[in-house]
Structure formats: C-alpha cells, structure tokens
1. For region 83-117, which residues satisfy the criterion of being open to solvent by 10 Å² or more (accessible area, probe 1.4 Å), within 18 Å of Ser53 (Cα to Cα), among the hydrophobic types (A, V, I, L, M, F, W, C) and within 20 Å of the chain's Cα centre (by Cα)?
2. Report, by residue number, each residue of region 170-180 that is touching an Asp or Glu at 6+ places or on another chain (Cβ under 7 Å) and either without any contact (Cβ under 8 Å) to a residue 24 or more places away in the chain or crowded, with 21+ Cβ neighbours inside 10 Å (or both).
3. Where in region 175-281 are the strands (runs of 3 or more DSSP E), entirely inside, with at least 3 residues that are in contact with a Phe, Trp or Tyr (Cβ under 7 Å, 6 or more places away or on another chain)?
4. Checking the structure you have, find out if any residue of region 222-235 is open to solvent by less than 50 Å² (accessible area, probe 1.4 Å) and either within 23 Å of Cys175 (Cα to Cα) or modelled with pLDDT under 95 (or both).
5. Does any residue of region 187-209 turn out to be at positive phi, surrounded by fewer than 22 Cβ atoms within 10 Å (Cβ to Cβ) and at pLDDT below 95?
6. I need the full set of residues from region 57-95 which are part of a strand (DSSP E or B), modelled with pLDDT of 95 or more and of a type outside the set (S, T, N, Q), in order please.
Amino acid sequence: MTRRKVVVAGGAAVVGVGAAGALAMNASADETTEATSTASASSTAETCYKLTSETTEGPYYIDADKLRQDITEDKEGIPLTLQLKVIDAATCKPLADAAVDIWHCDALGLYSGYESFSQGGGTAPTDAPTGTPTGTPTDVPTGEPPSGGGGGGHEEPTSDTRYLRGTWKTDKKGCVTFKTVFPGWYQGRTVHIHTKVHVDGEWTDAGYEGGHTCHTGQFFFDEEAVLLSAEVEPYSTSTTTRTTLTEDTIYDQSGTTGGLLMLKYHKKNIAKGVTASLTMGVDTDATNDGTS
C-alpha cells in the first residue's frame, strides 16, 4: 500500500469531471479531412478480459502535487486534448473517483523538475563536454536509457517547475479529460505520455489520500501524427534523433492494449490541435507502481 496526498491551493474542495470527459467523438461536417489512428477499430470497445499493459514508472515521476486538468502552463506546442476512460477489467464497469496522473516531456524533450537530467532537443547545455570521448563501448545498449522517463530508477527533482504534470478525478462514467500539448521526443524513446491510476483512496478538501496504484502505463502516438508534428515549430527545431514506435523498447506493439492512442486531427493542419482517446482496463485489486 502506498500513501499519496495532493495539496490543493487554499484547501479548495475537489470536484468531479463533467460531461467534457466523455469519449464519444462524432465527426461533424468540417471534419472530413481528419485523420484517425490506424489502431484496431475495436480499441474503444470495453473488453473486460484485456488489461492495459503495465510499464515502468520512469525516473521522472513526481507524486501528484498539481491537481488540475489543464497542465499546459506556458509551454508551446500543438494543443492536445487527452480523453481517458478507466474501467475495471474484471467487470467492465466504469471506475469512478479514481485519481489519474499524467506527465510528459515538452516539445523539445524536457521534463519539468528535471531539466538538468532530461535531454532536450533544442540548444545544447552550456556545460556540455567537448572533444571525442575515449574508451567508449562498441556494443549497442539495450533497454531504456536513464535520461527521460523509461527506467534507470527514480531521480529527485532538481527544479521547482511542474509544467505538463497533473492529476484529476474520474467521473461516474470513469472518464477524465486533460488539456496539454503534443509531447516531443528525446534520445532513446518514442513520443509518449506517462500515466498512473490510483484507487481505494479518499478525496478530501486537501486532495486525494491513501489507496494504492493499480496501474502504471504509457500512452503512445502513431508514426503519421508524429511525423506531421515534427514539421511544426517548436518540434521542427529539435536536433535529437527520433526513436520510432516500432523501435521503442517500452511499447509492446500490442496496439491500444499497449497504450496506443486513438487520434483525431486535421491532416493538413495538425497544428490546429489533436484529440487523443483511450479506454484503460485496470485490475483494481493489483498494485502496479511501475518501480520494479
């Protein structure tokens, strides 16, 4: 069992997500040019027997100190609306009042709280070493690099920034919606968003307390959308080599079960914004904190 507490400024009470958290996305007349992810058409089906894949927490998790749906702050990037639904994989029933965390890097690959650790793709750090290193290994490393959210053990934050991080509560239909920006990329990882789902805790005037983490996962984006985003500033200024979806060491290539998001956007103008959705099946009795 783990204990978590979200501190709310001024002690304001927590309120549930309203209808904006719904997953239904009917196409309108002006959406004829929209592109939809090539993921399985059954992705929105609430298949009780399928659990959403568990993944590593990564080194840059900060225990939810930002209770909010809009996590953008002042970060530039393509607007992203993330619509999630959480269901009990055993019963297929919506999971109400769960605490959902999301966090991800900015358009240039930097994580808030860890700018000194994470590898942004814009300008090089002023203390970057020069010259050619000697005695470097010749083998290609496997697994997740320690710099950027896939593995390597937890690191303590080195700054007070908290952009692109937030926690919110699922409504009675199990839905929660976040406003953010399309993530960028960094060395060794494909474009992704981290998430945790916490259950059996209590929402109080101070936030969310107690309970346990029943799911730790990551969300992924199809290649077509990522390639289009790479043509838009500030993503287009990145100098970091991008890892594709099929090359990623964390994504298990299982489509929506593995966290592949269903995307909606205008193919000719992705800069206008992207809507991403996914139904997550979780085991409410399990503890999956992603740290082992």
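1. Answer for region 83-117, where residues must be open to solvent by 10 Å² or more (accessible area, probe 1.4 Å), within 18 Å of Ser53 (Cα to Cα), among the hydrophobic types (A, V, I, L, M, F, W, C) and within 20 Å of the chain's Cα centre (by Cα): just Leu95.
2. Taking region 170-180 and keeping what is touching an Asp or Glu at 6+ places or on another chain (Cβ under 7 Å), we get 170, 179.
If the condition is that a residue be touching an Asp or Glu at 6+ places or on another chain (Cβ under 7 Å) and either without any contact (Cβ under 8 Å) to a residue 24 or more places away in the chain or crowded, with 21+ Cβ neighbours inside 10 Å (or both), then Thr170 is the only one that fits.
3. On the way: elements: 175-181, 192-204, 207-220, 262-266.
Correct list: 192-204.
4. yes
5. Just the residues of region 187-209 that are at positive phi, to begin with: 188, 200, 207.
When the remaining residues are screened for being surrounded by fewer than 22 Cβ atoms within 10 Å (Cβ to Cβ), the result is 200.
Now narrow it down to the ones that are at pLDDT below 95: none.
So far as region 187-209 goes, no, none of its residues is at positive phi, surrounded by fewer than 22 Cβ atoms within 10 Å (Cβ to Cβ) and at pLDDT below 95.
6. Taking region 57-95 as the starting set, the residues that turn out to be part of a strand (DSSP E or B) are 67, 70, 79-88, 94.
Subsequent filtering for residues that are modelled with pLDDT of 95 or more retains 70, 79-88, 94.
Answer for region 57-95, where residues must be part of a strand (DSSP E or B), modelled with pLDDT of 95 or more and of a type outside the set (S, T, N, Q): Asp70, Pro79, Leu80, Leu82, Leu84, Lys85, Val86, Ile87, Asp88, Pro94.
The values are calculated or read from the model by the stated rules, or taken from the named source; none is laboratory data. Please read all numbers here as calculations on a predicted model, not as lab measurements. Note that we place each Cβ from the backbone using ideal geometry, even for glycine, and neighbour counts take in every protein chain shown. Surface areas here come from the heavy atoms of the whole protein model, side chains and all, with no ligands, DNA or RNA. Shrake-Rupley method; radii C 1.70, N 1.55, O 1.52, S 1.80 Å.
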